[in-house]
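Trainee: Just passing along the structure, written as structure tokens.
The values are calculated or read from the model by the stated rules, or taken from the named source; none is laboratory data. Source: prediction; values computed, not measured. Here the Cβ positions follow ideal geometry from the backbone for every residue, glycine too, while neighbour counts run over all protein chains shown.
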Amino acid sequence: MGLIISDASVVYPAADGRPPVAALSRIDLEIENDDFVVALGASGCGKSTLLNLIAGFLSPSSGEILLDGRKVSGPGADRSVVFQKHALLPWLNVIDNVAFGLKMQSVPERERYPIAEKFVALLGLDGFQKSPVYKLSGGMQQRVGIARALTCDPKVLLMDEPLGALDALTREKAQELILRIWDETHKSVFFITHSVEEALFMGTKLIVMSPRPGRIAHRFDLQFSRQFLAGASARAVKASHEFIALREEVLGIIFADEEAVA
Ligand SMILES: Nc1ncnc2c1ncn2[C@@H]1O[C@H](COP(=O)(O)OP(=O)(O)OP(=O)(O)O)[C@@H](O)[C@H]1O
Ligand SMILES: [Mg+2]
């Protein structure tokens, strides 16, 4: 079971005098339950298009996407998205933002607030329930976005560069927090990043994509996140010979791609 993408292609039609764009070509990808799949690749290689396909915001031009055996034909509560720019509602406080997705699903108020409280605590936001979100730091706002995505108990969590706007230290803390939550909640995750180090640290599977047309050019199985969750420090994992060797290999692939495109 899990999510299966079979031979999926996306062509954006010609518009405003520009030719059609073959954004994705013949993508095969399986995201099993408990998988943390990370997508890396040059800008424009189709990472967000792939995420939008899984989210159901976009339909494939050919091929299909199955979630637990059922065809994905639109957005659903079994998939939640965390965007790079947390789509929070600035006029609401933390707890109302976290509870907002449940409200949209018509979950009654007396049920949605206990659920929201649980995820506020899980994301380390206890004490900030009544704070307006515009007063929070970027890292805290991103945690509000993740808490909200988790409230509807999705099977798949989709994250499009969720940590890209954070400073280095906050970003490392957020990586660790996301891994702990993934481990605790047993979600499948599809995670986009531009950071090779982040990709290697977080994922159980890595796909490296290439542009024009967007396709999966390389795949790696990873176990660094498991080492971290088994008790190793994040710094020790990222400084290991194995990690550094793979980081250099993946960087080599990405730089070669960029040169081919330039
Ligand atoms: N709505 C659209 N209409 C037409 N072309 C699009 C549309 N959305 C994306 N594209 C094109 O499809 C290709 C893939 O875009 P996509 O946003 O999926 O890339 P990406 O890998 O997420 O890039 P980035 O790293 O910059 O976020 C690009 O060439 C882009 O210009
Ligand atoms: Mg993108």
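Trainee: Can you name the residue in the stretch 182-204 that is surrounded by fewer than 20 Cβ atoms within 10 Å (Cβ to Cβ) and more than 16 Å from ligand 2 (Cβ to nearest atom) and, of all such residues, is nearest to PHE224 (Cα to Cα)?
Mentor: At the first step, the residues of the stretch 182-204 found to be surrounded by fewer than 20 Cβ atoms within 10 Å (Cβ to Cβ) are 183-186, 194-195, 197.
Cutting the leftovers down to more than 16 Å from ligand 2 (Cβ to nearest atom) gives us 183-186, 197.
Values: ASP183: 13, GLU184: 17, THR185: 19, HIS186: 17, GLU197: 11 Å.
If we take residues in the stretch 182-204 being surrounded by fewer than 20 Cβ atoms within 10 Å (Cβ to Cβ) and more than 16 Å from ligand 2 (Cβ to nearest atom), then GLU197 is nearest to PHE224 (Cα to Cα).
Trainee: Would you pick out the residues in the stretch 224-262 that are within 21 Å of VAL37 (Cα to Cα), of a type in the set (S, T, N, Q) and free of Cβ contacts under 8 Å to residues at least 40 places away in the same chain?
Mentor: Hit for the stretch 224-262 is GLN227, nothing else.
Trainee: Do you know which of the residues in the stretch 140-163 that are within 16 Å of ligand 2 (Cβ to nearest atom) and at pLDDT 90 or above is nearest to HIS194 (Cα to Cα)?
Mentor: Just the residues of the stretch 140-163 that are within 16 Å of ligand 2 (Cβ to nearest atom), to begin with: 158-163.
Add one more test, that the residue is at pLDDT 90 or above, and what stays is 158-161.
Details: LEU158: 15, MET159: 12, ASP160: 10, GLU161: 7 Å.
Selected residue: GLU161.
Trainee: Also: Exactly one condition in (1) free of Cβ contacts under 8 Å to residues at least 40 places away in the same chain; (2) more than 16 Å from ligand 1 (Cβ to nearest atom) is not met by LEU136; state its number.
Mentor: Condition (1) is where LEU136 drops out.
Trainee: Now, a different point. Just the residues that are within 13 Å of ligand 1 (Cβ to nearest atom), exposed (fewer than 15 other Cβ atoms within 10 Å of the Cβ) and charged (D, E, K, R), please, taken from the stretch 1-54.
Mentor: Once the filter is applied, which keeps residues that are within 13 Å of ligand 1 (Cβ to nearest atom), exposed (fewer than 15 other Cβ atoms within 10 Å of the Cβ) and charged (D, E, K, R), the stretch 1-54 yields ASP16, ARG18.
Trainee: Let me ask something else. Looking at the structure I just gave you, is PHE243 at negative phi and modelled with pLDDT of 95 or more? Break it down into steps so the answer makes sense when it comes.
Mentor: On the way: at negative phi: yes; modelled with pLDDT of 95 or more: yes.
Spelling it out, PHE243 is indeed at negative phi and modelled with pLDDT of 95 or more.
Trainee: A follow-up question, please. Within the stretch 44-92, how many residues are within 13 Å of ligand 2 (Cβ to nearest atom), without any contact (Cβ under 8 Å) to a residue 60 or more places away in the chain and not aromatic (Phe, Trp, Tyr)?
Mentor: So the count comes out to 3.
Trainee: If ILE207 meets every condition in (1) more than 16 Å from ligand 2 (Cβ to nearest atom); (2) crowded, with 16+ Cβ neighbours inside 10 Å apart from one, which number is that one?
Mentor: (1)
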